[in-house]
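A.B. asks: I have a structure I would like to understand better, so I am pasting it below and will then ask my questions one at a time.
Rule-based calculations on the coordinates, nothing more; no lab input. Predicted model only: the values in this text are computed from it and were never measured. Here the Cβ positions follow ideal geometry from the backbone for every residue, glycine too, while neighbour counts run over all protein chains shown.
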Protein chains: 2
Amino acid sequence: MCAEQLSVYDAIRLRRDVRAEFTGELVDDDTLWRILSAAHRAPSVGNSQPWDFVVVREAATLRRFADHVAGKRVEFRDALPADRAATFDPIKIEGIVESGTGIVVTHDDRRGGPQVLGRASVPETGVYSTVLAIQNLWLAATAEQVGVGWVSFYEPGFLRDLVDLPEGITPIAWLCVGPVHEFQEVPDLERFGWRARRALTDAVHYEKFGG
Amino acid sequence: MCAEQLSVYDAIRLRRDVRAEFTGELVDDDTLWRILSAAHRAPSVGNSQPWDFVVVREAATLRRFADHVAGKRVEFRDALPADRAATFDPIKIEGIVESGTGIVVTHDDRRGGPQVLGRASVPETGVYSTVLAIQNLWLAATAEQVGVGWVSFYEPGFLRDLVDLPEGITPIAWLCVGPVHEFQEVPDLERFGWRARRALTDAVHYEKFGG
């Protein structure tokens, strides 16, 4: 299947948060650029495009981040009740080294100048824009048979130092990005019994919340 | 073109923040449900699925919200320097009544229980999940020839009251949703000279920020 042809509905259906299915090959530069271009086409409040992407491939950097994340994993595990800890144990939470490519998505809240059209009453729409770009990236990657795993077991300060973020630039996500041999049909957290899916009918209301 | 067939890359390219192109017809129920299902398939931290969708169609509610937004527009306009105010004047910022359907996307940060897998170090990943759902919705709508316009000129407290959000449920967005006769090729804020596009090459760095 040609990447250009995967339908948006299929991409939404097939997309997974990937941890264990990376092939070990690097995503090639042309594919990576198409994926980043898709991210860069996201909507943004006041057309501020407040995102940046730091592509990380140096083995020592990937290893340092993976070690840091492993430590945070232990902290989380040790704070769980025994039954939840047992459910959590087999769940892989990152593929930092295996994917071979990390994309650190960052946010610059000053971008767009002092009057960002649409951000006056809801300032959070700035960072929301950066998050919208991540979903574009994720779906385009899916069309390329490239997996994305969002890692959030980290201290923001550690990640800031790791990739030298200047003052005013906030890390939003570390994405593991690499070719995969398959996408799981059922999301990991469902397969491992961490948390079941919610019915859409419970999430949709009419006219009023709860209506 | 069948909605099921629009490629993800084309959806990303064609998608616009729509204000002026609504046909005035209502999006039909089946289409609306497909769009909401796409939103509901978004990734979420710890599989928490912390979003809800309030579909608003009562004319009086749409009108009340539109009046509120019109007031916020005037406030923003009056705070601009003269040259920016002149650029802003012709820019339409909402299509609340014309679209006929508002979707209020809300966030419940308590969803997923006391230990949300992946949210311990970066609690904001909760609300980021809800924003990812919005981008799924937006791209699926594009495939359906349905426009989405994200309105952010409002006081969150006003919107809370308008749709009766309970304590602990946060409004994230008002989306105007309706069939469109076309998608603009160039985003409104570029066409009207509000803010030009940034080059992707400026947004991509290697190994370190600025690298």
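A.B. asks: For A:Lys92, go through the lysines and keep the ones whose alpha-carbon is under 22 Å away, minus same-chain ones fewer than eight residues off.
C.D. replies: Answer for A:Lys92, where 22 Å is the Cα cut-off: A:Lys72, listed by chain and number.
A.B. asks: In addition: Return the long-range amide H neighbours of B:Ser121 (sequence gap of 5 or more, or a different chain), with a cut-off of under 5 Å between placed amide H atoms.
C.D. replies: Distant-sequence amide H within range of B:Ser121: A:Tyr154.
A.B. asks: Full extension from B:Lys208 to B:Glu182: what is 0.36 nm times the residue separation minus their Cα-Cα distance, to one decimal in nm? Don't skip to the end; give the middle numbers.
C.D. replies: Working: separation 26, 0.36 × 26 = 9.36 nm, distance 4.12 nm.
5.2 nm is the gain from fully extending B:Lys208 to B:Glu182.
A.B. asks: Arrange the peptides B:4-13, B:67-76 so that the one whose residues have, on average, the most other Cβ atoms within 10 Å appears first.
C.D. replies: Numbers: B:4-13: 20.0, B:67-76: 15.4.
Peptide ranking by packing, descending: B:4-13, B:67-76.
A.B. asks: If you don't mind, another one. Once both labels are modelled 7 Å past Cα along the beta-carbon direction, what's the A:Glu167-A:Asp67 spacing in nm?
C.D. replies: My value for the distance between the label points is 3.0 nm.
A.B. asks: If you don't mind, there's one more thing I want to ask. Let a ≥ b ≥ c be the square roots of the eigenvalues of the Cα gyration tensor of the range A:14-203; is it rounded (a/c under 1.5), or, if not, prolate (a/b larger than b/c) or oblate?
C.D. replies: rounded
A.B. asks: Pop out the ³J(HN,Hα) list for the range B:85-94 in order, Karplus 6.51 cos²θ - 1.76 cosθ + 1.60 with θ = phi - 60°, rounded to Hz; leave Gly and Pro as x.
C.D. replies: Computed from phi, the couplings for the range B:85-94 are 4, 5, 5, 6, 3, x, 7, 7, 10, 7 Hz.
A.B. asks: Let me ask something else about it. What aspartates and glutamates sit close enough to B:Lys208 to cross-link, taking a C-alpha to C-alpha distance under 17 Å and skipping anything fewer than 8 places away on the same chain?
C.D. replies: Here the aspartates and glutamates satisfying the reach criterion relative to B:Lys208 are A:Asp52, A:Glu58, A:Asp108, A:Asp161, A:Asp164, A:Glu167.
A.B. asks: Could I ask something else about it? Using 7 Å Cα-to-Cβ label points, what is the A:Arg13/B:Glu58 separation (nm, one decimal)?
C.D. replies: 3.7 nm
A.B. asks: Name the long-range amide H neighbours of A:His205: under 5 Å, sequence gap of 5 or more, or other chain; modelled H, no Pro or chain starts.
C.D. replies: Under 5 Å from the amide H of A:His205: B:Phe53, B:Val54, B:Val55.
A.B. asks: Next question. From the phi angles alone, apply the Karplus equation (6.51, -1.76, 1.60; θ = phi - 60°) to the range B:190-203 and give each ³J(HN,Hα) in whole Hz, x where the residue is Gly or Pro.
C.D. replies: Per-residue couplings from phi come out as 7, 4, 8, x, 6, 7, 7, 6, 9, 6, 4, 4, 6, 9 Hz.
A.B. asks: If you look at just the Cα atoms of the protein assembly as shown, how large are its Rg and its Dmax in Å?
C.D. replies: 20.7, 63
A.B. asks: Once whole DSSP H runs in chain A are found, which of them have Cα atoms spread over 18 Å or more along the helix axis and a mean Kyte-Doolittle score of at least -1.0?
C.D. replies: A:59-78, A:125-143
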